[in-house]
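Presented below is the structure to which this report refers.
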Amino acid sequence: MDGKKRPEATADQALQAMDRMIALAQFGQHDIAGRLGLNTTDLTCLGFVIEAALAGTALTAGDLAERARLTTGAVTGVLNRLEKAGYARRQAVPGDRRRVHVVMDESAQARVLEVYGPFYARLGGLFADYGPQEIAVLTDWFTRARSAMQESLDEIRARGAGGAKGAKGAKGAGADTDGA
């Protein structure tokens, strides 16, 4: 591996560091969403809209519902709030009156980057300490960890609510506690 010499670490230490980072990221998403005038569900959906726009792909309201694991009714509320806040708009799908594309407003990416920019700059500084092979390993690990997490979440969801001791029951797919 190229890059700087790194301190020794175990897999358990790496998992503990990852858990702490995920917890901080969850709290951070709440703070960032508030700064942007959104809730965390709306911010997550806006992220999907921006990702699709940057990839040059069209995202329908149904696609957004599927990615965010929301009902179509919940997505309607999300889109109403994103439109009201000036982050996205609905655009009719030619030839299909029932479907709409969700289109990012021209100012949305700049408004989001105004908040996320300092964080991305800090991460860029961290990546500057790593060589190309190390970054390739990190990218591979994050990609594979995401797949493992998705597989685990799919298993948890397939088991349904009430599987854990003391569970009070789920509100249903796509329900959250922050206004969506």
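The values are calculated or read from the model by the stated rules, or taken from the named source; none is laboratory data. Source: prediction; values computed, not measured. Cβ sites come from the backbone with ideal geometry, for glycine too, and all protein chains shown count toward neighbours. Quick note on the areas: whole protein, heavy atoms, side chains included, nothing else; ligands and nucleic acids left out. Shrake-Rupley method; radii C 1.70, N 1.55, O 1.52, S 1.80 Å.
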For the chain, what does the helix formula give at 222 nm: sum of -39500 (n - 2.57) over DSSP H segments with n ≥ 4, over the residue count, nearest 500 deg cm²/dmol?
-21000 deg cm²/dmol
Based on the mean of other beta carbon atoms within 10 Å per residue, what is the order of 40-50, 54-64, most packed first?
40-50, 54-64
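What are the semi-axes of the equivalent ellipsoid for the chain, taken as the square roots of 5 times the Cα gyration tensor eigenvalues, largest first, in whole Å?
Here the semi-axes work out to 32, 24, 16 Å.
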Determine the relative contact order of the chain: mean sequence separation of Cα pairs under 8 Å and six or more apart, normalised by residue count, in whole percent.
27
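Averaged over all directions, how much area does the convex hull of the C-alpha atoms of region 10-112 cover when projected, in nm²?
Average of the hull's projected areas for region 10-112 equals 7.8 nm².
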Counting only protein heavy atoms and using a 1.4 Å probe, what share of the accessible area of the chain belongs to carbon plus sulfur, as a whole percent?
57
What are the extents of the Cα atoms of region 1-59 along their three principal axes, listed from largest to smallest and rounded to whole Å?
43, 27, 17
I'd like to check one number: the per residue accessible area of the chain, probe 1.4 Å, reported in Å² as a whole number.
70
